[in-house]
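The values are calculated or read from the model by the stated rules, or taken from the named source; none is laboratory data. Predicted model, so just to flag it, every value in this text is computed and none were measured. In this analysis, Cβ positions are derived from the backbone assuming ideal geometry, glycine residues included, and neighbour counts consider all displayed protein chains.
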Amino acid sequence: MFEATQLNRRNETTQKLFRLALGGMTGILILPVILILGTLIWKGAPVISFEFLFTGPTKGMTAGGIFPALLGTILLVLVALLASVPLGVAAAIYLSEYAPNNWFTRAINLAIINLAGVPSIVHALFGVGAFVIFFKFGTSILAASLTLAIMTLPVVIVATRESLQAVPEAFREACWNMGATRWQTIRRVVLPNAVTGILTGVILEVSRTAGETAPIMFTGAAFFLPLLPQSVFDQTMALSLHLFVVSTQVPNMPEQLPYGVALVLISLVLLMNSLSIALRMYLRGKKKW
Amino acid sequence: MEQQSRQAVPRLDSDFDRLNRDWYIDKAVQVLVFLGGISAIVFIIGIFVFITKEGFGFLVGDFNFREFFFSPNWRPTSENRETFGILALIAGTASVTGLAMLVAIPFSLGAAVFIAEFASGKTREFLKVTVELLAAIPSVVWGFIGLAMMNPLIIKTFNVPVGLNVLNAGIILGLMAAPIMTSIAEDALKAVPDRYREAAEAMGATRWQVIYKVVLPAAKNGLLGAVLLGVGRGFGETMAVLMATGHSINIPTSVFDSVRALTATIAAELGETAAGSSHYQALFTIGIFLFVVTFIINLLADLVVRGVRKG
């Protein structure tokens, strides 16, 4: 039959070589991070206990737990979500359902890309200039959360827009033909079919918001507070800033403690992310059209 | 017939009212979502306006273009004469970002090609999820990794006194930017229509030849966009470079020199300045510079990627 020619064989070898090289590159990209995460778990896990999670820091933060920081992060995330989810979903509805294909829509898209691309420290400066000083919120949970909300707005917008656009056009047309208005169509047909997709975006935003440090440093997060925050106009501790503080600012820090803080933070973030990915996969498996 | 139409009249009336109300709700919603839609533009303009407002006093006062961009002396709190030169800070940011890109570009593009063109089924799914998770690791955790793990490793491996330097921050930043660049590059490769590949394969091209001669050229702009976004990412990264560079003002001559980045300077110093002082305003001026540069990078990336869609 057909004998493999020399050219065939050579091509075959090159092919295998390149496959191997590219696979190796992928491995080099992923392996060190897996090793790093392994070390983080190995060194951080012994620190974590019920007490570590649910008591405050003691002895100038060199001992005790992280409860105020954990609670602060949860508060910051919740308030940020309250601001960014309605706004982000509205923006996505506009872009997916109403926006004409013109320069103005392009400008909006460009602004969204830029909002995601502006350095986090510039968002912090904006938060200081706008929320802390101009709107007189002071350094507070409110100012920090609004800064975070604006910074993570693109996450919600992009995820929501994608899930809205995934709803087939025929669904809308059928609804319009029944005499429904645009909004009735969106509310009764488009949104119910897109809600899980929107949820993946929201969870992703939780993960992004929880991990950010720079935007909250000067807008509402404090290095150490003896009391828990009483209202949104109080400052708060936050997990991400706490990691920065215990690993750089505190003398005589026991080596293990920052690993514990890092492990809690990264677990929180990766858990949220995995949840979002799992939800997306479940959604993809379930899709009827 | 007559009976029916008489009955229909009142119903039509109420229907008409309902329709009328729905029409108003529809219009109201349209306005509301439009406001949501333009919020992104409002915020971008707002960011520029507010940081310029805070930095304005410096821009019209102590600001000296030549000193600001060409002097390596950043001494905002000097007793005798304050100098506000950001050249050394720019050099710090550039050296770290440059090294990070040397690390990240080949590996992330390689990984993207592998995931998009070679891997299949479960492997592909696993790699995609892993890359996505790696991209989610917060920057302060990366900074901690640089501080607690890379620092002793570099000191031991290269026998240098300090492990917080360009090398440390460059590698950290490279590992940080790579997953993002990989997923954007992979999207660009996936956007190349399968019929291109099929046509090339029908001509007897091997997998590699298809990738090298057909897929890569077709995805060129998307890949360039991925690289640009990676550069923007590295340029704007704050916490990781604050913690891993060593934070000393320096124009580096080797990768073992400690440097300080533009972003890190703001993060480290803003808390210690009095609002309205020239130091405070100078930090906001750095912020304006960062904003403008990242804006240009993002704009370029967008134009480049858009180019491929038209073609």
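Suppose the filter is within 19 Å of A:LEU268 (Cβ to Cβ) and either assigned to a loop (DSSP other than H, G, I, E, B) or out of contact with any Phe, Trp or Tyr (no Cβ under 6 Å at 6 or more places or on another chain) (or both); does A:GLY24 pass it? In short, no. As a summary of the residue check, A:LEU275 satisfies the conditions (1) closer than 13 Å to A:MET61 by Cα; (2) among the hydrophobic types (A, V, I, L, M, F, W, C); (3) assigned to a helix (DSSP H, G or I) except for the one numbered (1). Those helices (runs of 4 or more DSSP H) of the stretch A:106-185 in which at least 1 residues are closer than 22 Å to A:ILE216 by Cα, considering only elements entirely within it, cover A:120-127, A:141-165.
Within the stretch A:249-278, the set of residues being surrounded by 17 or more Cβ atoms within 10 Å (Cβ to Cβ) and either under 30 Å from A:SER163 (Cα atoms) or among the hydroxyl-bearing types (Ser, Thr, Tyr) (or both) comprises A:TYR259, A:LEU265, A:ILE266, A:LEU268, A:VAL269, A:LEU270, A:MET272, A:ASN273, A:SER276, A:ILE277.
Meeting the requirement of 3 or more residues that are at pLDDT 90 or above, closer than 30 Å to A:ARG208 by Cβ and small (Gly, Ala, Ser), the helices (runs of 4 or more DSSP H) wholly within the stretch B:52-171 are B:87-113. Of the residues making up the stretch B:149-165, those that are out of contact with any Gly (no Cβ under 8 Å at 6 or more places or on another chain) and of a type in the set (Val, Ile, Thr) number 2.
Under the condition of being under 20 Å from the mean Cα position of the chain (by Cα) and charged (D, E, K, R), the residues counted in the stretch A:177-225 number 3. In a residue-by-residue description of the stretch A:187-199, the property of being within 11 Å of chain B (Cβ to nearest Cβ), in contact with an Asp or Glu (Cβ under 8 Å, 6 or more places away or on another chain) and farther than 15 Å from A:LEU87 by Cβ applies to no position. A:GLU3 falls short on exactly one of the conditions (1) of a type in the set (Asp, Glu); (2) free of Cβ contacts under 8 Å to residues at least 12 places away in the same chain; (3) surrounded by 13 or more Cβ atoms within 10 Å (Cβ to Cβ), and that condition is (3).
For the stretch A:235-261, the tally of residues that are closer than 17 Å to A:PRO68 by Cβ and either touching a Lys or Arg at 6+ places or on another chain (Cβ under 9 Å) or not in a loop (DSSP other than H, G, I, E, B) (or both) stands at 13. So which residues in the stretch B:29-40 are crowded, with 18+ Cβ neighbours inside 10 Å and more than 15 Å from A:THR147 (Cα to Cα)? Scanning the stretch B:29-40 gives B:VAL29, B:VAL33, B:GLY36, B:GLY37. Residue selection: A:LEU35 satisfies the criterion of being modelled with pLDDT of 85 or more, exposed (fewer than 13 other Cβ atoms within 10 Å of the Cβ) and not basic (Lys, Arg). Within the stretch B:240-262, the set of residues being touching an Asp or Glu at 6+ places or on another chain (Cβ under 9 Å) and in contact (Cβ under 8 Å) with a residue 60 or more places away in the chain comprises B:GLY246, B:ASN250, B:ILE251, B:ALA261.
Could you tell me whether B:ALA200 is more than 12 Å from chain A (Cβ to nearest Cβ), among the small types (Gly, Ala, Ser) and crowded, with 17+ Cβ neighbours inside 10 Å? So B:ALA200 fits the description; yes. Any residue in the stretch A:212-234 that is closer than 19 Å to A:ILE48 by Cα, crowded, with 19+ Cβ neighbours inside 10 Å and aromatic (Phe, Trp, Tyr)? For the stretch A:212-234, residues closer than 19 Å to A:ILE48 by Cα, crowded, with 19+ Cβ neighbours inside 10 Å and aromatic (Phe, Trp, Tyr): absent. Say whether the condition of being outside the structural domain of B:ILE288 (by TED's automatic domain parsing), touching a His at 6+ places or on another chain (Cβ under 9 Å) and under 30 Å from A:MET272 (Cβ atoms) is met by at least one residue in the stretch B:58-79. There is no residue in the stretch B:58-79 that is outside the structural domain of B:ILE288 (by TED's automatic domain parsing), touching a His at 6+ places or on another chain (Cβ under 9 Å) and under 30 Å from A:MET272 (Cβ atoms). Among residues of the stretch B:24-48 that are more than 7 Å from chain A (Cβ to nearest Cβ), those with a Cβ under 7 angstrom from a residue that is part of a helix (DSSP H, G or I), sequence gap 6+ or separate chain, pair up as B:PHE48/B:PHE291. Does A:VAL189 fit the bill of being touching a Cys at 6+ places or on another chain (Cβ under 9 Å) and among the hydrophobic types (A, V, I, L, M, F, W, C)? In short, yes. For the stretch A:178-200, the condition holds for at least one residue, the condition being that it is surrounded by fewer than 21 Cβ atoms within 10 Å (Cβ to Cβ) and under 18 Å from B:ALA136 (Cβ atoms).
Being touching a strand residue (DSSP E or B) at 6+ places or on another chain (Cβ under 6 Å) and modelled with pLDDT of 85 or more holds for only one residue in A:PRO46, A:PRO68, A:PRO57, and it is A:PRO57. Within the stretch A:179-198, residues that are touching a residue at least 40 places away in the same chain (Cβ under 8 Å) reach partners that are surrounded by fewer than 20 Cβ atoms within 10 Å (Cβ to Cβ) with beta carbons closer than 6 Å, at six or more positions or on different chains, in the pairs A:ARG182/B:ASP26; A:THR196/A:LEU283.
Could you run through the stretch A:46-78 and say how many residues are more than 25 Å from A:THR209 (Cβ to Cβ) and in contact (Cβ under 8 Å) with a residue 40 or more places away in the chain? Break it down stepwise before answering.
Kept after step one, since they are more than 25 Å from A:THR209 (Cβ to Cβ), are these residues of the stretch A:46-78: A:46, A:49-51, A:58-60, A:62-64.
Subset that is in contact (Cβ under 8 Å) with a residue 40 or more places away in the chain: A:46, A:60, A:62-63.
Number of matching residues: 4.
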